1. For the stretch A:405-419, does any single residue satisfy the condition of being crowded, with 22+ Cβ neighbours inside 10 Å, part of a helix (DSSP H, G or I), in contact (Cβ under 8 Å) with a residue 12 or more places away in the chain and not charged (D, E, K, R)?
2. Looking at the stretch B:33-111, what helices (runs of 4 or more DSSP H) fall wholly within it and have at least 2 residues that are at pLDDT below 90 and more than 7 Å from every other protein chain (Cβ to nearest Cβ)?
3. Please enumerate the residues belonging to the stretch A:144-160 that are under 14 Å from A:VAL203 (Cβ atoms) and assigned to a helix (DSSP H, G or I).
4. Just for the stretch A:364-393: of the residues that are away from chain B (no Cβ under 14 Å), part of a helix (DSSP H, G or I) and in contact with a Ser or Thr (Cβ under 8 Å, 6 or more places away or on another chain), which one is farthest from A:HIS353 (Cα to Cα)?
5. Can you pull out every residue in the stretch A:351-363 that is assigned to a helix (DSSP H, G or I) and either among the acidic types (Asp, Glu) or in contact (Cβ under 8 Å) with a residue 60 or more places away in the chain (or both)?
6. Among the helices (runs of 4 or more DSSP H) contained in the stretch A:1-90, which hold 2 or more residues that are of a type outside the set (Gly, Ala, Ser) and touching an Asp or Glu at 6+ places or on another chain (Cβ under 7 Å)?
7. Could you pull out the residue among B:MET32, B:MET1 that is over 18 Å from A:ALA39 (Cβ atoms) and either of a type outside the set (Ser, Thr, Tyr) or under 17 Å from the mean Cα position of the chain (by Cα) (or both)?
8. Determine, yes or no, whether A:ALA241 is modelled with pLDDT of 90 or more, within 14 Å of chain B (Cβ to nearest Cβ) and buried (at least 18 other Cβ atoms within 10 Å of the Cβ).
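The values are calculated or read from the model by the stated rules, or taken from the named source; none is laboratory data. From a predicted model like this one, the values you see are computed outputs, not experimental measurements. Virtual Cβ from ideal backbone geometry, glycine too; neighbours counted across all protein chains shown.
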Amino acid sequence: MSRTDLVALLYIIAFSLFIYGLMGLTGPRTAVRGNRIAAVGMGIAVVATCLIPGMGNWGLIIVGVAIGTAVGVPAARQVKMTAMPQMVALFNGVGGGAVALIAWVEFRHTNGYSDEATYVAIFSLFAAIIGSVSFWGSNIAFAKLQELLPGRPISIGRAQQFANLALLLIAVACAVAIVAGSDTEILMIALLLAAAILGNFVVLPIGGADMPVVISLLNAFTGLSAAATGVALNNTALIVAGMIVGASGSILTNLMAQAMNRSIPAIVAGGFGGVVTTGGTTDDGVERTVRSTSAADAAVQMAYASHVVIVPGYGMAVAQAQHAVREMTKLLEDKGIEVTFAIHPVAGRMPGHMNVLLAEADVPYDQLKEMDQANSEFGRTDVSLVIGANDVTNPDARTKADSPIYGMPILNVDESQSVIILKRSMNSGFAGIDNPLFYNPKTAMLFGDAKASVSEITDELKAL
Amino acid sequence: MLLTNLAILVLAGFAGFLTISKVPNTLHTPLMSGTNAIHGIVVLGGIIVLGLGVDGFLNKLLLVIAIAFGTINVVGGFLVTDRMLEMFKSKPTPRVEEGEGAPAQIERDAA
């Protein structure tokens, strides 16, 4: 068996492990093993690549891997669970950046693909555009989630979509010119730049509420660009792994968009969350009142309930309140109260975000109810405790046709006997829209940091 | 060569589609993170192009950065996913009645 055959064989083993590992990720009990199996597959793929005949430059390769490891390992180890979404965005971004850089070097190294087949140039340039968009887009997503940039849409108005289209056309035109035979490097740099600005422009106008969908979309993009790099470099491992990610990312993006009742083109077109109606008056000018409550009252209310549903949202993540919530839950259960968690598919900043946090705090898996299941329970719920969730409980989504979130499936918290909302202030949610639930006579607001509020309630429960 | 690769491309797309479409909602974040780690495979692209030889300082520099980026993607991605999933795994439920209930729930969700 030649070395080339050995490499091919190892690649087959590697991507079998990727697929087998991903199958493991479909169940909570096999997920850890699945992830590790995929990681082993990656290790095998790297070893196989090093066995390709004629390889050299080992020193530089080791330098690159060493730098990457030195940056990646501490970043992954130290990141807080609450900051996970932006970390994924960042990791996704560097992947896209790698794709774009490889394409650039390919261009330089082959003198503008002068001796290469046409398809090599096409796939490589496709990878360059998508990789560059993904790198810059992911960085903006990171900056928005990390609150380095405001979460609200940033846009240059109506000209935005025209500008985006123009940028895309510039990038494609550069690509066409290069494929047609031009080998001027300025074209390649213009292509990368246009794609970079496009990446910025596409994500900047998107409101924070849509960010999970955007990260997922960019994840799929990076996968596709990796697959395109694989075709250009004639490397099956890249093609298979990249394409699997492209396919899975597309599905995940679609699922998320469906959960929010938003179409992907509408999200990319941007501007969601730009409509701001705040203040204590409705559109017809009627003054509305908000009832605020104390931790002691909230504790009493829950202690005498028979069924409490907790609705967690991003506020719980920001306040790192999951352990405090778990402690409170235990106390309530010791009193014989049935406690469940209602998880909206897009609560937090990513699907499953809340599940990860609650799992970290050892909340049993079967206490977490998905939206449909939870909504069938609100009718017989005495107290719904909303912890830092807003838009996913907004009844406007059911009733107010001109609301930006109209049609989005929500948790019907307002069907329960009473509602307690833990919130920092009366500020509107990430989508930037008002929530009539706050003015519902059933609702009591407990203002303050979610963790502090939950701890106070816990203390009051202990004292009862 | 091109057609073979395109065949692989299309089949891999379907394989990914079929594998992934069965994941329960609750595992979506780890899944996104896990697939994110897998596309870090672009590091191989950097290694191949650098390993098979390029000339010039700039080319080498760009590739070293590309390899570093790809490595961050792979190593960071798998580690973060592992950390997330560890939390799902550590479930020695203290109460007996829940210990019996949980697996059934998990299987239902996974189905």
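1. Yes, there is a match, as at least one residue in the stretch A:405-419 is crowded, with 22+ Cβ neighbours inside 10 Å, part of a helix (DSSP H, G or I), in contact (Cβ under 8 Å) with a residue 12 or more places away in the chain and not charged (D, E, K, R).
2. Counting at least 2 such residues, we get B:96-110.
3. Result: A:LYS144, A:LEU145, A:GLN160.
4. Of everything passing the filter in the stretch A:364-393, A:GLY379 is farthest from A:HIS353 (Cα to Cα).
5. A:HIS353, A:VAL356, A:LEU357, A:GLU360
6. On the way: elements: A:3-24, A:31-50, A:58-78.
Result: A:31-50.
7. B:MET1
8. Numbers: modelled with pLDDT of 90 or more: yes; within 14 Å of chain B (Cβ to nearest Cβ): yes; buried (at least 18 other Cβ atoms within 10 Å of the Cβ): yes.
When the stated conditions are applied, A:ALA241 passes them.
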